[in-house]
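Notes follow the structure.
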Amino acid sequence: MTTRESSSGLDSSSMDDQPTKRTVSLDPEPEPGGEVWVENFNRSFRQVQAVLDRNRALIQQVNDNHQSRIPANMVKNVALIQEINANIRKVVSLYSDLSSDFSTVFPNKERCDPN
């Protein structure tokens with residue numbers, strides 16, 4: 001079972017400055033191979049975050065180039081925007097894979113239960 005401790009600044013039973021510690025289970029039900037799926041899930045989210053971080057930097061560069069109004073920088077923006085578009089396609093693909101994997105590990109109860 002994977003758990004994560006969480007701290008919040010307020011305790012509902014007292015208004016001390018002491019944080020409340022809670023243990024939250026990240027695994028709703030034990031699944032065969034569940035830990036492998038969680039590792040893949042985390043890896044995919046790290047990949048998505050890396051691509052989004054790269055796009056943030058690219059967008060900043062495009063904005064800087066545009067504001068400079070230098071023709072050579074404007075030409076560079078074409079390649080930068082193409083890379084941004086390719087990165088967006090990569091993020092969509094990663095999210096699609098995550099959705100598919102998630103649906104496999106946690107099937108929709110309505111599809112499985114005819115009642």
Flagged in the stretch 82-96 as open to solvent by less than 80 Å² (accessible area, probe 1.4 Å) and of a type outside the set (S, T, Y), in numbering order, are E83, I84, N85, A86, N87, V91, L94
Just one listed residue, out of D53, D11, is open to solvent by less than 80 Å² (accessible area, probe 1.4 Å) and at pLDDT 95 or above, and it is D53
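The values are calculated or read from the model by the stated rules, or taken from the named source; none is laboratory data. These figures come from a predicted structure and were not determined experimentally. Side chains are part of the model used for accessible areas, which takes the heavy atoms of the whole protein and leaves out ligands, DNA and RNA. Shrake-Rupley method; radii C 1.70, N 1.55, O 1.52, S 1.80 Å.
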